[in-house]
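*Asks:* Below is the structure I would like to discuss, written out as structure tokens.
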Amino acid sequence: MPEPTTPEPVPAELRTLAAEADALAERTAEMAARLEAADDGHLQRLARPMNKATHDLADYTTEIARTAAYLTRVRVARDPHLCDVPWGICPVHGVTLHSLGDRAWCTATGCDNSWDYDRLHTPCAEPAAAIATDRDGVTGSLCSAHASDAERRLDGCSIEYLDHRATNA
């Protein structure tokens, strides 16, 4: 496994961990097969918990790989040229996302936008298109969809678009 260079794990560390869990699942499956092939019924019965362990390890491998993918998205979202908002948005329709499990989709009528990850609960990775300033003077970079939503919902918020063509109508 790579040596940690930051206090938080990096996606490569999680992918390595997933590969190690996958290798362990393969070895566990081999042991289960050997137990099933035994002539002794007592040994054959021991194959059941080994098969369950194999299945559980496969589930863990999937979860670790999924976490690595989400971690990649979170780290990408830290790019200063991207939107600062810690949740996703439909880039066309704004705050219209719904999610279930590892899927998200826009609920606006006629919109076919969908994503194979939980975009709603993942930091926005759309390009920054505006600077928002709240009534206390706190600023942040927003994509055009989040900026449009902030203009509509937040009292005392001013939006300065970086490019006037970026407004989200």
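The values are calculated or read from the model by the stated rules, or taken from the named source; none is laboratory data. Note that the structure is predicted; figures quoted are calculated from it, not measured. Cβ: placed from backbone, ideal geometry, glycine included. Neighbour counts: every protein chain shown.
*Asks:* Would you tally the residues in region 118-138 being surrounded by fewer than 17 Cβ atoms within 10 Å (Cβ to Cβ) and at pLDDT 90 or above?
*Replies:* 4
Conditions tested, residue by residue: (1) within 24 Å of G101 (Cα to Cα); (2) among the acidic types (D, E); (3) touching a Lys or Arg at 6+ places or on another chain (Cβ under 8 Å); (4) at pLDDT 95 or above.
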{"position": "M1", "(1), (2), (3), (4)": "no, no, no, no"}
{"position": "E8", "(1), (2), (3), (4)": "no, yes, no, no"}
{"position": "T28", "(1), (2), (3), (4)": "no, no, no, yes"}
{"position": "A33", "(1), (2), (3), (4)": "no, no, no, yes"}
{"position": "R66", "(1), (2), (3), (4)": "yes, no, no, no"}
{"position": "D79", "(1), (2), (3), (4)": "no, yes, no, no"}
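*Asks:* Could you identify the single residue in P80, P86, P91 that is in contact with a Cys (Cβ under 8 Å, 6 or more places away or on another chain), of a type outside the set (D, E), under 24 Å from P127 (Cα atoms) and surrounded by fewer than 13 Cβ atoms within 10 Å (Cβ to Cβ)? Can you show your working first?
*Replies:* Details: P80 fails: in contact with a Cys (Cβ under 8 Å, 6 or more places away or on another chain); P91 fails: surrounded by fewer than 13 Cβ atoms within 10 Å (Cβ to Cβ).
None of the others qualify; the one that does is P86.
*Asks:* Sticking with this one: Is it true that A65 is in contact with a Phe, Trp or Tyr (Cβ under 6 Å, 6 or more places away or on another chain), within 30 Å of A104 (Cα to Cα) and not charged (D, E, K, R)? Spell out how you get there, then give the answer.
*Replies:* Working: in contact with a Phe, Trp or Tyr (Cβ under 6 Å, 6 or more places away or on another chain): no; within 30 Å of A104 (Cα to Cα): yes; not charged (D, E, K, R): yes.
Criteria not met by A65.
*Asks:* Please tell me if L35 is within 25 Å of the chain's Cα centre (by Cα), surrounded by 14 or more Cβ atoms within 10 Å (Cβ to Cβ) and of a type in the set (A, V, I, L, M, F, W, C). Talk me through it step by step, then tell me what you get.
*Replies:* Details: within 25 Å of the chain's Cα centre (by Cα): no; surrounded by 14 or more Cβ atoms within 10 Å (Cβ to Cβ): yes; of a type in the set (A, V, I, L, M, F, W, C): yes.
It is false that L35 is within 25 Å of the chain's Cα centre (by Cα), surrounded by 14 or more Cβ atoms within 10 Å (Cβ to Cβ) and of a type in the set (A, V, I, L, M, F, W, C).
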